[in-house]
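As structure tokens, the structure follows; a few thoughts come after it.
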Amino acid sequence: MARGRAVEAPYARLEQLEPAIARVLAHNASAFTYFGTQTYLIGTSELAVIDPGPDLPEHLDALEQAIGGRNVVAIMCTHTHRDHSPAARPLAERTGAPIVSCAPLALETVGPRADASFDGDYAPDRVLQDQETIEVDGVPVTAVATPGHTSNHLCFAYGDALFTGDHVMGWSTTVVVPPDGDMAAYMASLEKLRRRDDRIYYPAHGPPVDNPQQYVRQLVGHRMQRERQILSLVKEQTRPIPDIVANAYPGLDPRLVTAAGGSVLAHLLDLERRGLVEREGDAWTAA
Ligand SMILES: [Zn+2]
């Protein structure tokens, strides 16, 4: 991440991207969020808010100012990681808007499905299923179910723009970490986007993607290459995950080693389901 440029990031400022699409960047930069979470406002006379972001007073103040008293028909979250949904309820209280959004996740507070990166307080007023729509200024906003990064992930289609959350990002490949993250689901969700003809993607992190078809093809190719690499490493010899990470991600930022291990596990679980690898204790080997 280019830390030196972070000071130039337009935190708490409304940026108009298209006549009916604007963005406010939240001040939560990290190794996983790039410069921070981008909250999108869509509509003109009325609005929907996509990915309200972290519960930061500065960000909520900026959103309230950007909304400027207009009617907010829906607060929509692509998923419930802590950098996306915690501002939903406070923004609902400030604006009177309902949270019309992805499903909550039933995560255990202990055990293998416990995950501190999830917003356990998230409580939508209405859950959108795949292809369900709401209207903003009479224009439909359609939920596109895209599980993989998380099991509850939705993209939102508005005209020929697609708000892709963390499913497709403009700055980095997406983290897919079990048990909630699922590589086979993620690949199927990429294929789902490949069959669409969106003009532009607006991700929650990083710049817009103005060549969606080509970009998604590259992402699919990258994952398939990663899978072949993991498979060839475990064909060479039985290996534990840290050994696979060290070989597959040379020079990796140390802050991302855990996430890379999660992605490798996601690939291995997918390969195991397909009968191509087996587990021997903590190590993996070709079947
Ligand atoms: Zn996420």
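The values are calculated or read from the model by the stated rules, or taken from the named source; none is laboratory data. It should be emphasised that the depicted structure is a prediction, and the values quoted were computed from it without experimental measurement. No Cβ is skipped: glycine too gets one built from the backbone with ideal geometry, and neighbour counts run over all protein chains shown. Ligands, DNA and RNA are excluded from the accessible area calculation, which covers all protein heavy atoms including side chains. Shrake-Rupley method; radii C 1.70, N 1.55, O 1.52, S 1.80 Å.
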Review point. Taking the stretch 197-217 as the search range and keeping residues that are open to solvent by 10 Å² or more (accessible area, probe 1.4 Å) and over 22 Å from M76 (Cα atoms), which one is nearest to the ligand (Cβ to nearest atom)?
Key: Y215
Review point. Name the strands (runs of 3 or more DSSP E) wholly within the stretch 178-287 that hold at least 1 residues that are more than 29 Å from V49 (Cα to Cα)?
Key: 277-280, 283-286
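Going by the structure shown, is I134 more than 30 Å from Y215 (Cα to Cα), open to solvent by less than 30 Å² (accessible area, probe 1.4 Å), away from the ligand (no atom under 16 Å from the Cβ) and of a type outside the set (D, E, K, R)? Walk me through how you get there before you give the answer.
Values: more than 30 Å from Y215 (Cα to Cα): no; open to solvent by less than 30 Å² (accessible area, probe 1.4 Å): yes; away from the ligand (no atom under 16 Å from the Cβ): yes; of a type outside the set (D, E, K, R): yes.
Considered against the rule, which asks whether it is more than 30 Å from Y215 (Cα to Cα), open to solvent by less than 30 Å² (accessible area, probe 1.4 Å), away from the ligand (no atom under 16 Å from the Cβ) and of a type outside the set (D, E, K, R), I134 comes out as no.
Just name the residue that is nearest to the chain's Cα centre (by Cα) out of those in the stretch 144-176 that are assigned to a strand (DSSP E or B) and of a type in the set (S, T, Y). Spell out how you get there, then give the answer.
Here is the first cut: in the stretch 144-176, the residues assigned to a strand (DSSP E or B) are 144-145, 154-158, 161-165.
When the remaining residues are screened for being of a type in the set (S, T, Y), the result is 158, 164.
On the way: Y158: 17, T164: 7 Å.
The extreme case among them is T164.
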Review point. So which residues in the stretch 36-55 are open to solvent by 20 Å² or more (accessible area, probe 1.4 Å) and over 19 Å from the mean Cα position of the chain (by Cα)?
Key: T44, S45, E46
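Would you mention how many residues in the stretch 171-196 are open to solvent by 20 Å² or more (accessible area, probe 1.4 Å) and either among the hydroxyl-bearing types (S, T, Y) or in contact (Cβ under 8 Å) with a residue 24 or more places away in the chain (or both)?
Kept after step one, since they are open to solvent by 20 Å² or more (accessible area, probe 1.4 Å), are these residues of the stretch 171-196: 171-173, 175, 177-179, 182, 184-185, 187-188, 191-192, 194-196.
Within this subset, residues satisfying the condition of being either among the hydroxyl-bearing types (S, T, Y) or in contact (Cβ under 8 Å) with a residue 24 or more places away in the chain (or both) are 171-173, 175, 177-179, 182, 184-185, 187-188, 191-192, 194, 196.
Counting residues in the stretch 171-196 that are open to solvent by 20 Å² or more (accessible area, probe 1.4 Å) and either among the hydroxyl-bearing types (S, T, Y) or in contact (Cβ under 8 Å) with a residue 24 or more places away in the chain (or both) gives 16.
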Exercise for review: For the stretch 51-108, enumerate the residues that are touching a Phe, Trp or Tyr at 6+ places or on another chain (Cβ under 9 Å) and either away from the ligand (no atom under 16 Å from the Cβ) or free of Cβ contacts under 8 Å to residues at least 12 places away in the same chain (or both).
Suggested key: E58, H59, A62, R89, I99
